[in-house]
């Protein structure tokens, strides 16, 4: 097996005095796709913030291509080729659709993604490219957010709750293009509430509970019972919908 | 019986001495010579700092003169001068004055430079019944600005300077010039000086009308105004050939360059306050030459110090050689302030009694470096007037100089040249 | 005619206010920084300009070639070393720190340059004027106004047509997400402050040529700058120019009615506009 | 772990109770000060109390209600001018004038609030400043009150407070002490009241507070008017000491707002104790350095800047962080019955939020 693109080794993450992640270990193989699931407050967003540099940690708790990045700022991490599609899309309202995309590509890393390639993937964005990003529908905004991250030509792309708040038909469309995107040569981390979607696109899955990994395994072999237990803790007798 | 001894006795009795910061003043009772404490408030910092630029030079010099002590009733008194900065802020002036009175327990309070300093200082002194002498502020803003009543006057506060009637008389003789229409434009701000100069009863309007001049006075502007177009338009419409006012330098600067731009070319521009200091006028470049102003004091004044015998010329030269800066008009008045103090100490019947000090101030009649100071001859109680002349900033040999061109009202001060028209 | 003249002169004065305000508008737009020291920085720049003209014996307008980069550098350093530490949700820390800076600059200038009023000498330009249909329009105010328009147009171009402007707006919209785009907000903020102080340098030269200045005059002008920015609306530099002109004309009309109402009229127009439109006339961003 | 018997909720700790006891002793000592302190010290203390009042009021506004005003000098100035107007032209006794001024201050603040509450954040701050400037320029137009020249308070008005000088000085001292105690007591009681709790909720999260049915506008309005009324009263007392008022002095943004903000920030914003510490530090600096002129102001600016950058919760914040002590108990602590785990942190709702 090739060297992993991302290794997380006993990561402790804090918000001030409050500890959100406890000695967390995680690994993303080169060209691999992992899914991260877990209940609200389990620490998924904290993990995203930690990897992307929005939350700074002990430098060697996060290794990217063998290099410690845990202590870097978000802009430095972005320069190394890690991009994030943030939860809730978070487009820049005072930038037009095209400007949102362009600013995503301002690191000018080489790779397959360009404005033309994004418009190819999401033709509707080309039509709307001069509009204010806030005037688009939720699904279209998600396309811009994905395009904006792709423009960086990242080696590791992270999706934080991309189906949140979108109509099922839109979610389906997005999950249809997702494998195509990843196939252009990158690793991915997908944070998702929809467990079946998460298992469908990933090769490996981690489940977080109260800031710790409660379960990890191959997406195709893991069972619903295992997930259910990992979601709600050992004593839970709830089933999953 | 003074408040001071009151407090001392009380503190000694209660043993609370150690709790009080005033312990420093307490030692006086045991010193060999008694100490006279003078408190002096002036605007060392802030927008008015120009008025106080010579203060430290004067105070240092005076301290040397007073080193041997001042004689009173055959007894030598050491003199301590406590200087406080008003920060050009009347709030702060009141604060430091009250500190000087209550904390430093000064025997005489002194203050100088514009109503923003003299009035709060004098108000605190009056309430706390401490003798107070101030200068460097026309007497009307001082007297009426504090709600003074000519019939009663004040109990403890005294002032020497000239008044509006003097500045008006001097300006009028300056303006009585062939080829200049008797048509004046007035620029009076809404501050203590401006309101006094522009006052319908006490200010410029009445005497000007009496002397056959017509005055265009659009109203009081707010200091630090950025646009004087409305004034310029009014002056142009009225055909004003003379401009007068009492302004701060930035306002005059704005007015004067806008006048140039908007084609208003008066023949005489005589402005109080803004044109006092050489640095301000030099800052106006060629446009500063030919402007005229009141002159309270200059090296050409034929007076000398009653303390040191120094002539006005020597005082100004001493300042220039010590600091490298040109002389300024407040220089003489600062020196005179301490001349008056020394004179008062010499005559006071009892230095321990504020009432005796007040009586000595009232009885002052002396020649100082700024002229005669005599409170018995004042226009109102508590005010003594010093002579005033007027002149013009002229260029001689490349250097700007304030030349006395009119001495009708103080003939003892020699003129140095003639008024030249601006256009 | 008098009224027309008042309006024309007021408009030209609006150019000066817009120059005061343009620098504020940039940093307020990019990082919501309320810079109380802005007025004192203008005075600082005027003194530096004075020193440059004296040392090199050059015309104040030529001194801009030196002054603009110097002030920009000061701005960059100031932001990176001090002001960046104050930025966050709370508007109080920047407010207080710039209040502190204002006091420090004012008194340091007093220490170094004394309280003497100073003025920049621009020679014949100061009083030369153009006569249009009986209206005398000074070249200096005209130049000031034209400069304000050019500066505003330039800033608007930078803001809405360049990569730097995109970065400004992105950081302004959402600092965290902008960081994810590889934008270092500390650097972007510092560049914005550098730009702001470059404009301050231009404003300072005009202020110092127009009338005399001393260390204390900065604060009084500051409030007009803020008013122009707020009247115009956040993120809209043309709005800032409009705001400056509205203030200038309001003052001129107030003065024509009664000299005492001149400054008051500007403030009242400001409050009236805000009472009706709390976000200003032409906002392009959300506060 | 549940059940009423296993824990009790209380506001105060032993340290707090001791602190209050000590505070009461200090207060008594201060009240008796005219008997044993000299005039200068009384005067200085009086000034300290007035600044303490201004600081506590501004703190209530900015630290608790989130209303960062740089225009409180509007109320100080209005208070001062009303005092002069009422006593000189109305012939009202100064002490009665103070009562009228307090009410008038509240009334004046209401339309101002209605106008500036439309503004948010920095716009609000600038708006308050402009309102204060309008007051300054407006009073400068009132010729009867001296216009731009200013006006002195006739000595006989001051003397009507008490015939003897000692009596006047004591009265003026007690007024200042009284208003400081009044302000702090009102702030404390208010913060413990229902509205005060709502205020803290708003400061912590405006959206959440709104969803809990708290009327944010109304709550802030009440605070603003209350602070306005009290600030006006303090302003009247300040100018009763200064004896002279002019528009620039009355509506000085530096004297009545910038220095007050310095005090609150140095002491610790958002705590009742902060303004007390800040006032002490401010006056220590002033009394030791003020003779240095420009240097003093530069030092003051530097101190305020450093505190804001490196100890944003101020000196009291630092003290509290290390000791957990608070003088004015606002928070609740859960004390578990014996055997229970000591865990106050999760339920503590202290003043810092």
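The condition (being more than 11 Å from chain B (Cβ to nearest Cβ) and under 30 Å from residue C:7 (Cβ atoms)) is satisfied by just one residue among C:94, C:60: C:60. Just so you know, in region C:157-170 the residues that are within 9 Å of chain A (Cβ to nearest Cβ) and touching a residue at least 12 places away in the same chain (Cβ under 8 Å) include one that is nearest to the chain's Cα centre (by Cα), and it is C:169.
Go through region C:141-191 and give me each residue that's surrounded by 16 or more Cβ atoms within 10 Å (Cβ to Cβ) and more than 21 Å from residue A:104 (Cβ to Cβ). Scanning region C:141-191 gives C:141, C:142, C:143, C:144, C:145, C:147, C:148, C:151, C:152, C:155, C:156, C:190. With respect to the numbered conditions (1) buried (at least 22 other Cβ atoms within 10 Å of the Cβ); (2) in contact with a strand residue (DSSP E or B) (Cβ under 7 Å, 6 or more places away or on another chain); (3) part of a helix (DSSP H, G or I), which one is the sole condition not fulfilled by residue B:346? That leaves (1) as the condition not met. Look at (1) modelled with pLDDT under 85; (2) surrounded by 16 or more Cβ atoms within 10 Å (Cβ to Cβ); (3) over 30 Å from residue D:297 (Cα atoms) and you find that residue C:133 fails only one, number (2).
Looking at A:65, A:131, A:142, A:90, just one residue is in contact with a helix residue (DSSP H, G or I) (Cβ under 9 Å, 6 or more places away or on another chain), at positive phi and at pLDDT below 95, and that residue is A:90. A single entry from C:29, C:75, C:15 fulfils the requirement of being buried (at least 20 other Cβ atoms within 10 Å of the Cβ) and under 30 Å from residue C:135 (Cβ atoms): C:15. Candidates B:94, B:54: the one that is within 14 Å of chain C (Cβ to nearest Cβ) and either within 28 Å of residue D:155 (Cα to Cα) or at pLDDT below 95 (or both) is B:54.
Yes or no: residue A:149 in contact with a strand residue (DSSP E or B) (Cβ under 7 Å, 6 or more places away or on another chain) and under 24 Å from residue A:109 (Cα atoms)? Taking the combined requirement at face value, the residue satisfies it.
Among the residues making up region B:95-104, those that are touching a strand residue (DSSP E or B) at 6+ places or on another chain (Cβ under 8 Å) and crowded, with 24+ Cβ neighbours inside 10 Å are B:96, B:97, B:100, B:101. If you go through region A:48-104 and keep only what is buried (at least 20 other Cβ atoms within 10 Å of the Cβ), over 20 Å from residue C:171 (Cβ atoms) and without any contact (Cβ under 8 Å) to a residue 60 or more places away in the chain, you end up with A:50, A:57, A:61, A:62, A:69, A:70. Residues satisfying the criterion are absent from region B:359-381 (criterion: under 30 Å from residue B:178 (Cβ atoms) and in contact with a helix residue (DSSP H, G or I) (Cβ under 9 Å, 6 or more places away or on another chain)).
When we screen B:119, B:170 for residues that are assigned by TED's automatic domain parsing to the domain that holds residue B:195 and in contact (Cβ under 8 Å) with a residue 40 or more places away in the chain, the only hit is B:170. Exactly one residue out of B:89, B:119 is under 24 Å from residue B:53 (Cβ atoms), facing chain D (nearest Cβ under 9 Å) and within 12 Å of the chain's Cα centre (by Cα), and it is B:119. With respect to (1) more than 20 Å from residue B:313 (Cβ to Cβ); (2) more than 21 Å from the chain's Cα centre (by Cα), the lone exception for residue B:415 is condition (1). Kindly establish whether residue B:131 is at pLDDT 95 or above and buried (at least 24 other Cβ atoms within 10 Å of the Cβ). Yes: the conditions hold for residue B:131. For region A:11-43, the set of residues classified as in a loop (DSSP other than H, G, I, E, B) and under 30 Å from residue A:184 (Cβ atoms) consists of A:30, A:31, A:32, A:43, listed by residue number.
Number of residues in region B:382-423 that are closer than 19 Å to residue B:270 by Cβ and in a strand (DSSP E or B): the value is 14. Being assigned to a helix (DSSP H, G or I), in contact (Cβ under 8 Å) with a residue 40 or more places away in the chain and within 14 Å of chain B (Cβ to nearest Cβ) is a property that does not hold for residue C:45. Could you tell me whether residue B:341 is buried (at least 18 other Cβ atoms within 10 Å of the Cβ) and at pLDDT 95 or above? It is true that residue B:341 is buried (at least 18 other Cβ atoms within 10 Å of the Cβ) and at pLDDT 95 or above. Condition first: more than 19 Å from residue A:5 (Cβ to Cβ), in a strand (DSSP E or B) and at pLDDT 90 or above. Can you find one or more residues in region A:195-208 that meet it? Yes - at least one qualifying residue is present in region A:195-208. Where helices (runs of 4 or more DSSP H) fall entirely within region D:240-299, those with at least 1 residues that are more than 13 Å from chain C (Cβ to nearest Cβ) and under 18 Å from the mean Cα position of the chain (by Cα) are at D:247-250, D:274-289.
Could we say that residue C:42 is more than 11 Å from the chain's Cα centre (by Cα) and at pLDDT 95 or above here? For residue C:42, the condition - more than 11 Å from the chain's Cα centre (by Cα) and at pLDDT 95 or above - is not met.
Mind checking whether some residue in region D:159-180 is within 14 Å of chain B (Cβ to nearest Cβ), under 30 Å from residue C:277 (Cα atoms) and not in a helix (DSSP H, G or I)? No, region D:159-180 has no match at all. Just give me the residues in region A:105-116 being surrounded by fewer than 19 Cβ atoms within 10 Å (Cβ to Cβ), touching a helix residue (DSSP H, G or I) at 6+ places or on another chain (Cβ under 8 Å) and more than 20 Å from residue C:158 (Cα to Cα), in sequence order. Once the filter is applied, which keeps residues that are surrounded by fewer than 19 Cβ atoms within 10 Å (Cβ to Cβ), touching a helix residue (DSSP H, G or I) at 6+ places or on another chain (Cβ under 8 Å) and more than 20 Å from residue C:158 (Cα to Cα), region A:105-116 yields only A:115. Exactly one residue out of C:208, C:225, C:239, C:154 is touching a strand residue (DSSP E or B) at 6+ places or on another chain (Cβ under 9 Å), part of a helix (DSSP H, G or I), more than 8 Å from every other protein chain (Cβ to nearest Cβ) and closer than 24 Å to residue C:12 by Cα, and it is C:208.
Scanning region B:141-185 for residues that are surrounded by fewer than 23 Cβ atoms within 10 Å (Cβ to Cβ), over 26 Å from residue B:392 (Cβ atoms) and more than 14 Å from chain D (Cβ to nearest Cβ) yields B:150, B:151.
The values are calculated or read from the model by the stated rules, or taken from the named source; none is laboratory data. As the structure is a computational prediction, the values presented were derived from the model and not from experiment. Ideal geometry is used to build each Cβ from the backbone, glycine not excepted, and the neighbour counts take in all protein chains shown.
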